[in-house]
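First the structure, in the form of C-alpha cells, and then the observations on it.
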Amino acid sequence: MGATGRHALVIGGSLGGLLAARVLADRFARVTVLDRDELPGAPLPRRGVPHGEHGHALLLGGKRQLEEFFPGFGAELTAAGAVPFDPGQDLLMHQQGAPRRRFRSGAEGLSATRALLEFTLRARVAELPGVEIRDRTPVDGLTGGPGRITGARPRDGAPLVADLVVNASGRGGSAAGSWLRELGCPRPRTDEIRVGVGYTTRLYRRAPGERLAGGGLLHLLAGADGDKRAASVFAVEGGRWMVTLGGWHRAHAPTDPEGFARFAAELPGETVRRVVLDGEPVPGDAPRKFTFPAARWRRFERLRNPPAGFVTLGDALCSFNPLYGQGMTVAARQAAALAEALDATGGADGALARAYYAAAARVVADPWRMAAAGDFAHAETTGPRPRGTGFRGWYTGRVLRASHRSATVNRTLMDVQQLLAPPTAVLRPALAVRALLAPGRPPAPLPEGATGRVAGHAG
C-alpha cells in the first residue's frame, strides 16, 4: 500500500487529471488514469480538449507549481521548443486604450501550444511508479452509495474499485453530477456567469528570431471601455505565431480568412494587424473557432456531507473564462491542495473531501473574483456578482491606466495577474495613489522598444 491507500482512479487525462495523478502517485500504491480519447504519441491536438488548438497561457504561478511537481519541467519544455520570454519585457499588454509600460522583470515565462504542454506533462506522469494511463476508456458512471464512492464503471469492461476517485473530466464533467444523483449522493449548486465568449485562431509562420512590432514575443489586447474585442499573439514552438481573435458577447472573429483579416485590421494598434495582414499563414492551417458561453463554479465546498472517496478537480470543478488564462494554474494549485488534504487527513474519507473542497475554494476564489470584475464590465454579462465586483472593476481600470505610465504599477499588476501575488497587492498605498491620480487619457506612444525602470523583479 501507499501512504494513503491501495488504488486511486482519475477520470480524465488532460492537464488537471495528470497533475492529480502526480500527487496521488506519492500516496497510493497504484494510480489509474482513464481518458476517453486516443492519446496521441506526439504533441498534437485531440478531440477531448476542444480549446486545445487555441492560445494558452501558462502563468508564472502555474509554471512555478509545475516545477515543484516535476523539477526540470521548464527546461524540458524549452528543449521541446517552448519559447522563453520575460513577462515584463516581452509580453506586450494593450488595455484601456494603450500599452502598459514595459520593464525587465528577471522572471522567465514559457510560451507553447497546449498540445506540447500536455504531451510533455503526460510523458513525465507516465514515468511515475505505479501510474497507468489508459486511453480510449470512456467512463459511464460511478459505483458506491449515498455516503461513499467506491469506483467507476468504464463503458467497456468491469467496474474498477478504488479508495479514491478524482473527477478531472474537464468542463464536460457535469455528467458526474448525474452519476452522483444516481447513487443518492448530494450534488453541489453551480454558480454561472454568462460571458458569451467566442474566438478564432490561426497560425502564421515566424522567422528565426522574429519579434512583434514593439519587440515582444507575446501580445495581449483587451478593448477599452465599451469595446468587447480581445486578441492574443503568442510565439510558439515550430517557428509559428498563434493568433487568436474574438471577445465577449458576440464580438467573435469570423472563420473565413478574409473576415479574420478584416477583424484584425480593425483592432487598435499595429501588433496584430502586422502579423495577420503581412504574415504568411502556415500552409494547410485554416481559422478555427471556439465558443465559451459561461464560466461555471460547482460549489462542492458548500455541501455539508460530500461523498467520501470522491473529489472533483480542474475545469470539472471550476471552468474560468479562457480569455484570462487562469485555468491551468488554478488546476495545478488544486492538485497541490489535494496533496495537502490527503496528508492532513490520512485517508480518502469524508474528512478528506471536506478539507480538499475548502482548500480548493480558496484557490478558486481570487481568480474567480478577478475574472468577474472584468466580465461584468460588459452590460450583457449575467450571473451572480461576487461581493465588491463593481468597485473591483472600477479600481482595476484606474490601476490599468496608471500602468500605461508606471513600470512599478505594471510590475505589481503583472504579479497579481500571473497569480504570484494576491489581488490586495494593488491596494498598497503608494500604488493606490498612482491609480487614483492616473489621467483618463492614454499617454503618447513610447519609442519602439522603450522600457521602464523598476526595482526588483517578478520572480
Sum of -39500 (n - 2.57) over DSSP H runs of 4+, divided by residues of the chain (222 nm, nearest 500) = -10000 deg cm²/dmol
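Using a 1.4 angstrom probe on heavy atoms only, work out the carbon and sulfur share of the accessible area of segment 1-154 in %.
Ligands and nucleic acids excluded, carbon and sulfur give 49 percent.
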task = First check a/c for segment 158-210, with a ≥ b ≥ c the square roots of the eigenvalues of its C-alpha gyration tensor; if it is under 1.5, answer rounded, and if not, answer prolate when a/b is larger than b/c or oblate otherwise.
result = oblate
task = List the extent of the Cα atoms of the chain along each of their three principal axes, largest first, rounded to whole Å.
result = 65, 49, 40
ask   = Using alpha-carbon pairs under 8 Å, 6+ residues apart, how would you state the relative contact order of segment 306-378 in percent?
value = 39
key: Centre separation in Å (Cα based) which lies between segment 51-87 and segment 257-305   = 20
Calculated on alpha-carbon atoms, Rg and Dmax of segment 63-115 in Å = 13.3, 40
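Leaving out ligands, DNA and RNA, and with a 1.4 Å probe, what % of the accessible surface on segment 245-393 is carbon or sulfur?
50
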ask   = If you take the square roots of the eigenvalues of the alpha-carbon gyration tensor of segment 118-247 and sort them as a ≥ b ≥ c, do you get rounded (a/c under 1.5), prolate (a/b over b/c) or oblate?
value = oblate
query = By how many nm would the segment from ARG262 to LYS289 lengthen if fully extended, with 0.36 nm per residue of separation less the alpha-carbon distance?
reply = 8.1 nm
inquiry  = Place a point 7 Å from Cα of ALA126 in the direction of its Cβ. Which residues in segment 168-208 have their backbone N less than 12 Å from it?
reply    = none
ask   = Between rounded, prolate and oblate, where does segment 280-395 land on the alpha carbon gyration tensor, with a ≥ b ≥ c its root eigenvalues, rounded for a/c under 1.5, else prolate if a/b exceeds b/c?
value = oblate
Cleavage-rule hits, trypsin sites (Lys or Arg not before Pro), segment 209-266, DSSP coil, Cβ neighbours within 10 Å at most 11 = ARG250
query = With θ set to phi - 60° and the Karplus curve 6.51 cos²θ - 1.76 cosθ + 1.60, what are the ³J(HN,Hα) couplings of segment 242-247 in order, to the nearest whole Hz, using x for Gly and Pro?
reply = 9, 10, 10, 10, x, x
query = Normalised by the residues of segment 1-44, what does the relative contact order come to in percent, with Cα pairs under 8 Å and at least six apart?
reply = 47
key: Filtered GluC sites (Glu not before Pro), segment 115-172: DSSP coil and at most 10 other beta carbons within 10 Å   = GLU127
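Indicate, rounded to the nearest 5 percent, the antiparallel portion of the DSSP beta bridges found entirely in the chain. Mind showing how you got there, number by number?
Values: 47 of 70 bridges.
Antiparallel bridges: around 65 percent, rounded to the nearest 5.
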key: Where ILE149, ILE133 fall by accessible area, highest first, once all protein chains stay in place (1.4 Å)   = ILE133, ILE149
inquiry  = Rolling a 1.4 Å sphere over the protein heavy atoms, what is the accessible area per residue of segment 220-345, to the nearest Å²?
reply    = 37
key: Length-normalised contact order of the chain in % [C-alpha pairs under 8 Å, at least 6 apart]   = 21
remark   = Long-range share for segment 336-380, i.e. C-alpha pairs more than 17 Å apart as a percent of all pairs, stands at 45
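The values are calculated or read from the model by the stated rules, or taken from the named source; none is laboratory data. Please read all numbers here as calculations on a predicted model, not as lab measurements. As a convention, Cβ positions derive from the backbone with ideal geometry for all residues, glycine included, and neighbour counts pool all protein chains shown. Ligands, DNA and RNA are stripped out before the accessible areas are found, and what is left, the full protein with its side chains, is counted by its heavy atoms. Shrake-Rupley method; radii C 1.70, N 1.55, O 1.52, S 1.80 Å.
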